[in-house]
């Protein structure tokens, strides 16, 4: 037998179909990144005014962008949308950790939309100081509200801004109002310095508190209580109902000791349960009562004008900060100044003066 004769097996193995890569190789190419249609300023404005949510979201992304090339376009869009804004009720919502802000906002938001109103929820997610990343998980926590045709939820990263308020929340409010949303909810990360910033951009400030979590009156800052137009004790159901009623009385008594609000409005305290949908209707009725009260007294318009002045000052500070950090000479000198600071050969004050002198070319 010829040893070189080819051996033929009865088994036949098919090589099969090559497996595709787990990641689309074209996903991160330049063409893929640029696939999204680029609109002109007028196209953005027309889309926003017509209520196109996709274009609204893209415009908000431009507003939130820190890229210099997006700044001019974003400001032009805001300027043209401004005449269509200021037609909404702006409500700020904050609360202690564990108060159930997301659950409350979903139940509260569903009630608002049931009244035939269009609701935009602007939620601010905390950002990592190391990675600057943010989870942006509010839509997953508000499952029913996020799919409601008359609701729009926009989570934004705090991105290191003071207290967790997104840098461009005011501008986002303007775009949402231009898109036809007549009720704006602004949710903050939690009780802290962000409340001052939120108070400067809303018409009504709601503080959510949780009964039975220690000494409630010592657990929050007096300044936050002074800003509140209403305090709602959440999770007032089941075994917590009695404690919630006791907390309501304590807070109501505490409010009497605070100075009167410049609006003339007397803040109220009530209990509610988002889980049982109890107290939500009453809460909304009080907000509408406050809205009518401030409208009739003229405070509403005065407060809105004061907010415009605050926005101007904040814009100036933001512009100066961006201009300083992006100035070529400052960027070149900063690493050396920081090195001297680390070595302890220069004071922080002196370092700041040197950089400022370089910026102003003195």
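The values are calculated or read from the model by the stated rules, or taken from the named source; none is laboratory data. Predicted model, so just to flag it, every value in this text is computed and none were measured. Counting neighbours? That spans all protein chains shown, and the Cβs are built from the backbone with ideal geometry, glycine included.
Residue selection: residue 291 satisfies the criterion of being part of a helix (DSSP H, G or I) and within 24 Å of the chain's Cα centre (by Cα).
Looking across the range 237-262, the residues that are closer than 18 Å to residue 287 by Cβ and in contact with a strand residue (DSSP E or B) (Cβ under 9 Å, 6 or more places away or on another chain) come down to 248, 251, 252, 255. Is the range 220-236 home to any residue that is assigned by TED's automatic domain parsing to the domain that holds residue 174 and free of Cβ contacts under 8 Å to residues at least 12 places away in the same chain? No, the conditions are met nowhere in the range 220-236. Go through (1) in contact with a helix residue (DSSP H, G or I) (Cβ under 9 Å, 6 or more places away or on another chain); (2) in contact (Cβ under 8 Å) with a residue 40 or more places away in the chain; (3) over 19 Å from residue 184 (Cβ atoms) one by one and return the number of the condition residue 311 breaks. Residue 311 satisfies all of (1) in contact with a helix residue (DSSP H, G or I) (Cβ under 9 Å, 6 or more places away or on another chain); (2) in contact (Cβ under 8 Å) with a residue 40 or more places away in the chain; (3) over 19 Å from residue 184 (Cβ atoms) except (3). For the range 72-89, a residue qualifies if it is in a helix (DSSP H, G or I) and either loosely packed, with under 15 Cβ neighbours inside 10 Å or without any contact (Cβ under 8 Å) to a residue 40 or more places away in the chain (or both), and the qualifying residues are 72, 73, 75, 76, 79, 80, 82, 83. Please find, within the range 346-362, the residue that is modelled with the highest pLDDT out of those that are in contact with a helix residue (DSSP H, G or I) (Cβ under 9 Å, 6 or more places away or on another chain) and surrounded by fewer than 11 Cβ atoms within 10 Å (Cβ to Cβ). Among them, the one singled out is 348. Scanning the range 42-58 for residues that are within 15 Å of residue 168 (Cβ to Cβ) and surrounded by fewer than 16 Cβ atoms within 10 Å (Cβ to Cβ) yields a total of 1.
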